[in-house]
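One structure is given here, and the rest of the page talks about it.
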Amino acid sequence: MKEDSSYAEETKSRKSCGTPAKTSALLFLDVLCTYFEEEQILDKEQIKLFRKQWMAEKM
């Protein structure tokens, strides 16, 4: 699977949130967004919106 540099950099630069549940949720979000992009389910703008909404609801 090819790695999108913007998501890779965001993931590498992200500091640990402190709790395993939050870390797991962020990892799941990264995987889900990568899947959406790879399968061309959502475009980059839709993924950004999805990510913002997820963060607002879950964190």
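Assorted remarks:
- Of the residues making up the range 2-10, one or more are modelled with pLDDT under 95, part of a helix (DSSP H, G or I) and among the hydrophobic types (A, V, I, L, M, F, W, C).
- Failed item, numbered, when ALA56 is tested on (1) loosely packed, with under 10 Cβ neighbours inside 10 Å; (2) modelled with pLDDT under 95; (3) outside any helix (DSSP H, G or I); (4) of a type outside the set (Asp, Glu): (3)
- In the range 16-33, the residues that are under 14 Å from GLU57 (Cβ atoms) reach residues that are modelled with pLDDT under 90 and surrounded by fewer than 12 Cβ atoms within 10 Å (Cβ to Cβ) with C-beta atoms within less than 9 angstrom, at least six apart or across chains, in these pairs: LYS22/SER16; LYS22/MET59; ALA25/MET59; LEU26/MET59.
- Residue check for LEU26: modelled with pLDDT of 95 or more and either surrounded by 14 or more Cβ atoms within 10 Å (Cβ to Cβ) or hydrophobic (A, V, I, L, M, F, W, C) (or both): no
- Selected residue (criterion: surrounded by the most Cβ atoms within 10 Å (Cβ to Cβ)) from residues of the range 11-23 that are more than 13 Å from the chain's Cα centre (by Cα) and at pLDDT below 80: CYS17
The values are calculated or read from the model by the stated rules, or taken from the named source; none is laboratory data. Values in this document were obtained by computation on a predicted structure and should not be read as measured data. Quick reminder, even Gly has a Cβ in these numbers, built from the backbone with ideal geometry, and neighbours come from all protein chains shown.
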